[in-house]
Amino acid sequence: MALLLNFFFGKPEDWKQWFAAEMPELDVRFWPETGNREDIDVIACGWLPEGEFKTFPNLKLIVSLLAGPDHLLHDPAVPKHVPIVRAGDPSGDTMMNEVTLLHVLRHHRNMPAYALAQQRAEWVNLPRQPARERKVGVMGLGVIGLAAARMLQSIGFQVAGWVRTPRRIDGMDVFAGRDQLNAFLNRSEILVNLLPLTSETENILNAAAFAQMPKGGAVINLGRGGHVVEAGLVAALDSEHLAAATLDVFRTEPLPKDDPLWKHPKVTVMPHASRRVEGKPMVPRIADAIRRLRDGRPMENLIDRVKGY
Ligand code: NDP
């Protein structure tokens, strides 16, 4: 049996060396050099080209190299009976923490407005406040969202989270489910989206949601482009209800050159550049999943197909 790896980061020689050190007996093949497709029982990837998953008759496990499994879950060629596990660090992602802090601080300290004022050579006096007076809301307290929320807390921000299943987290107000979404939005001056894209979360950042946020609020989308209804966002910015937005992810990537978001004065466009996915730390987790498969032990970091994440 063999592992097929379709990596989009790192060099093949590095991956070979990492697997040789971790699991020397493993037959590792690199997409698109699959060899006999009947040999492949595990595929580790972010995605495969359309229809390809169907062509591996003995596939028993998929390892997602991406935190967001939406590509895999939306691919009709992925067999429904094959479990999907995540290879990312279950304790969070330091680069996602960094980028969350970067953008929250940028909005907290009014940097977009200062940049616009500088273009007009205007010496402005904008309100300033310490982090302890700033309410940040993090949508999604999963592997990435919780670590990012904790980091914001450590800087002193008043952090609340929005999740699906109610829970208690020390020092953090946790809002759960649709019933508590408006209460969460009402208090979130800076909103960070770190939700997975599912049928329940698609278009969740829409005109009605922005209207629930305090006037002068800012939105940071680090989740997926499909979370944001762009017309609603632009209307909320143009009416001055929201002050600014930072978007790292888009429905179409790369964002088309003629998309008005590029030139909107209150929108910061980031080219899906939040983090570098690291292959080396994933190798022991991929190897562990393969050993569990071979030994018939339960999988860890399983994606729940019903929930969609
Ligand atoms: P997880 O699957 O670990 O966590 C998802 C979180 O979202 C959980 O807290 C979950 O709630 C919550 N959630 C899911 N559905 C709902 C819902 N319907 N209502 C309320 N809360 C919901 O995901 P990660 O933290 O690992 O990653 C989150 C997302 O971040 C990824 O799916 C991806 O889209 C994005 N991402 C973006 C990157 C970028 O480069 N911009 C890089 C990496 C990730 P509960 O805890 O109750 O289950």
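No lab work stands behind these numbers, since they all come straight from the coordinates. Please read these numbers as outputs of a predicted model, since none were measured by experiment. Cβ: placed from backbone, ideal geometry, glycine included. Neighbour counts: every protein chain shown.
By the count of other C-beta atoms within 10 Å, a proxy for reagent exposure, Asp75, Asp179 are ordered fewest to most as Asp179, Asp75.
Taking max minus min of the alpha-carbon positions on each principal axis, the stretch 35-92 gives extents of 36, 21, 20 Å, largest first. Determine which aspartates and glutamates satisfy two conditions relative to Lys54: a Cα distance under 15 Å, and not lying fewer than 8 residues away in the same chain. Filter leaves Glu38, Asp39, Asp41, Asp75. Label sites at Arg291 and Ile155, each approximated as a point 7 angstrom past Cα along Cα to Cβ, lie 3.9 nm apart.
Applying 1/(1 + (r/R0)^6) with r as the Cβ-Cβ distance of Glu133 and His74 and R0 = 51 angstrom yields a FRET efficiency of 0.80. Sequence-ordered 3J(HN,Hα) estimates for the stretch 223-234 from the Karplus curve with 6.51, -1.76 and 1.60 and θ = phi - 60° stand at x, 9, x, x, 6, 9, 8, 5, 4, x, 5, 4 Hz, glycine and proline given as x.
What Kirkwood radius, in Å to one decimal, follows from the Cα pairs of the chain? For the chain, the Kirkwood estimate is 20.9 Å. Subtracting the Cα-Cα distance of Glu240 and Glu22 from 0.36 nm times their residue separation leaves 73.0 nm of extension gain. What FRET efficiency comes out for Asp14 versus Glu122 if R0 is 41 angstrom and r is the Cβ-Cβ distance? Round to the nearest 0.05. It comes to 0.25. Normalised size of the stretch 167-309, defined as Cα radius of gyration per 2.2 N^0.38 Å with N residues, equals 1.27.
Among the trypsin sites (Lys or Arg not before Pro) in the stretch 129-201, those located in a DSSP loop and surrounded by at most 11 other Cβ atoms within 10 Å of their own Cβ are Arg167, Arg168. In terms of its Cα atoms, the stretch 263-309 spans 56, 30, 9 Å along the principal axes, sorted from long to short.
With contacts taken as Cα pairs under 8 Å at a separation of at least 6 residues, the chain carries a relative contact order of 17 percent.
Where only DSSP H runs of four or more residues are counted, the chain gives -8500 deg cm²/dmol as its mean residue ellipticity at 222 nm, each run worth -39500 (n - 2.57).
When both bridge partners sit in the stretch 160-309, DSSP labels roughly 5% of those beta bridges antiparallel.
Using a simple spin-label model with pseudo-atoms 7 Å out from Cα toward Cβ, Glu38 and Lys307 lie 3.9 nm apart. Each Cα pair under 8 Å and six or more residues apart adds its sequence gap; the mean of these over the residue count of the stretch 47-199 is a relative contact order of 22 percent. For the stretch 178-295, the relative contact order comes to 21 percent (Cα pairs under 8 Å, sequence separation of at least 6). Taking θ as phi - 60° and the Karplus parameters 6.51, -1.76 and 1.60, the scalar couplings of the stretch 91-96 work out to 9, x, 9, 5, 6, 5 Hz in sequence order, x denoting glycine and proline. Angle of helix 282-295 to the longest C-alpha principal axis of the chain, folded into 0 to 90 degrees and rounded to 10: 50°. Which of rounded, prolate, oblate describes the stretch 105-229, given a ≥ b ≥ c as roots of the alpha-carbon gyration tensor eigenvalues and a/c under 1.5 marking rounded, otherwise prolate only if a/b is larger than b/c? Cα axes put the stretch 105-229 in the prolate bin.
A DSSP coil position with no more than 13 other Cβ atoms inside 10 Å describes the following trypsin sites (Lys or Arg not before Pro) in the stretch 32-123: Lys80, Arg120. Applying 1/(1 + (r/R0)^6) with r as the Cβ-Cβ distance of Glu300 and Thr55 and R0 = 25 angstrom yields a FRET efficiency of 0.35. The alpha-carbon of Lys135 sits under 18 angstrom from the alpha-carbons of these lysines, leaving out residues fewer than 8 places away in its chain: Lys215. Taking Thr100, Thr34, Thr198 in turn, the Gaussian network model of the chain (Cα-Cα springs below 10 Å) assigns the largest fluctuation to Thr34. Of all lysines in the structure, those lying under 18 Å Cα to Cα from Lys257, and not within fewer than 8 positions of it along the same chain, are Lys266.
Placing a label point 7 Å from the Cα of Arg178 along the Cα-to-Cβ line, the residues of the stretch 272-309 whose backbone N sits under 20 Å from it are 306-309. Restricting attention to the chain, close to 5% of DSSP beta bridges with both partner residues there are antiparallel.
With the largest listed first and rounded to whole Å, the semi-axes of the equivalent ellipsoid of the stretch 31-184 from the Cα gyration tensor are 42, 21, 13.
Looking at the square roots a ≥ b ≥ c of the eigenvalues of the Cα gyration tensor of the stretch 94-169, which shape do they give, rounded for a/c under 1.5, prolate if a/b is larger than b/c, or oblate? It is prolate, given that a/c is not under 1.5 and a/b is the larger ratio.
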